[in-house]
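All remarks here apply to the structure that follows.
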Amino acid sequence: MICFWCYESPFGPYTAAEDGEGVCALFFGQRPVPEDWVRRQTPLLRQTSLQMEEYCRGQRRAFCLPLSLHGTPFQQAVWAALQAIPYGQTRSYQQIAAQIGNPKACRAVGMANHRNPVGVIVPCHRVIGKNGGLTGYAGGLAVKQALLALEEANR
């Protein structure tokens, strides 16, 4: 059973979900959730909210939460590489592709980023274009820019 709860943040509303094993979703905005998800605030979701509050205040640089991420081996490799990007720093899609041993897979890295189920916790907002420009973000470019500005201000 997947339980979810909706929260507010300085970056707008977000939804967090957990599946009994770990946090399996975190996304910004008012997106519909699957019908089989149960609206229930669990201890893990409360802990997720607390850590998100600390992050938004600039008091947390890394999340300490169990995650339940389901994806292809390639997606898993990209998500692991994202978690290795230090707080307040960025990497390009090209750098991530090279890091996982597939330097020509920039577009595939972008798609894995797009499918990241737990934005912020797995910091896909830290991935930018090789020219330094901001590129897509599921929560919107304004949120991505705000997250990067928060981290820059608290480095």
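The values are calculated or read from the model by the stated rules, or taken from the named source; none is laboratory data. All of these numbers come straight from a predicted model, not from anything done at the bench. Don't worry about glycine lacking a Cβ; one is built from the backbone with ideal geometry, like all the others, and counts go over all protein chains shown.
Taken together, GLN75, GLN89 contain a single residue that is touching a residue at least 12 places away in the same chain (Cβ under 8 Å) and over 16 Å from ILE121 (Cβ atoms), which is GLN89. Among the residues of region 81-91, not a single one is buried (at least 20 other Cβ atoms within 10 Å of the Cβ), in a loop (DSSP other than H, G, I, E, B) and on the phi > 0 side of the Ramachandran plot. Taken over region 129-155, residues that are outside any loop (DSSP other than H, G, I, E, B) and over 18 Å from PRO117 (Cα atoms) amount to 9.
Scanning region 29-46 for residues that are at pLDDT 95 or above and within 16 Å of the chain's Cα centre (by Cα) gives a single hit, LEU45. Taking the criterion of being surrounded by fewer than 16 Cβ atoms within 10 Å (Cβ to Cβ), closer than 14 Å to GLY88 by Cα and of a type in the set (A, V, I, L, M, F, W, C), the only residue of region 51-65 that qualifies is ALA62. For ASN102, the stated conditions do not hold, so it cannot be described as closer than 23 Å to CYS64 by Cβ, part of a loop (DSSP other than H, G, I, E, B) and modelled with pLDDT of 90 or more. Contact map, region 46-67: first residue not assigned by TED's automatic domain parsing to the domain that holds ALA16, second residue exposed (fewer than 13 other Cβ atoms within 10 Å of the Cβ) and modelled with pLDDT of 95 or more, Cβ cut-off under 8 Å, separation 6 or more or different chains; pairs are PRO66/GLU21. Selection of region 17-50 for residues being crowded, with 20+ Cβ neighbours inside 10 Å, under 20 Å from TYR87 (Cβ atoms) and either touching a Cys at 6+ places or on another chain (Cβ under 9 Å) or of a type in the set (A, V, I, L, M, F, W, C) (or both) yields VAL23, LEU26, PHE28. Scanning region 64-97 for residues being in contact with a Gly (Cβ under 7 Å, 6 or more places away or on another chain) and more than 15 Å from PRO117 (Cα to Cα) gives a total of 2.
One line per residue, one yes/no per condition, for (1) within 20 Å of TYR137 (Cβ to Cβ); (2) acidic (Asp, Glu):
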{"site": "GLY22", "(1), (2)": "no, no"}
{"site": "PRO32", "(1), (2)": "yes, no"}
{"site": "GLU35", "(1), (2)": "no, yes"}
{"site": "THR48", "(1), (2)": "yes, no"}
{"site": "GLU53", "(1), (2)": "no, yes"}
{"site": "LEU67", "(1), (2)": "yes, no"}
{"site": "ALA80", "(1), (2)": "yes, no"}
{"site": "ALA84", "(1), (2)": "yes, no"}
{"site": "GLY88", "(1), (2)": "yes, no"}
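Screening region 105-125 for residues that are in a helix (DSSP H, G or I) and buried (at least 22 other Cβ atoms within 10 Å of the Cβ) and picking the one that is farthest from the chain's Cα centre (by Cα) gives VAL109.
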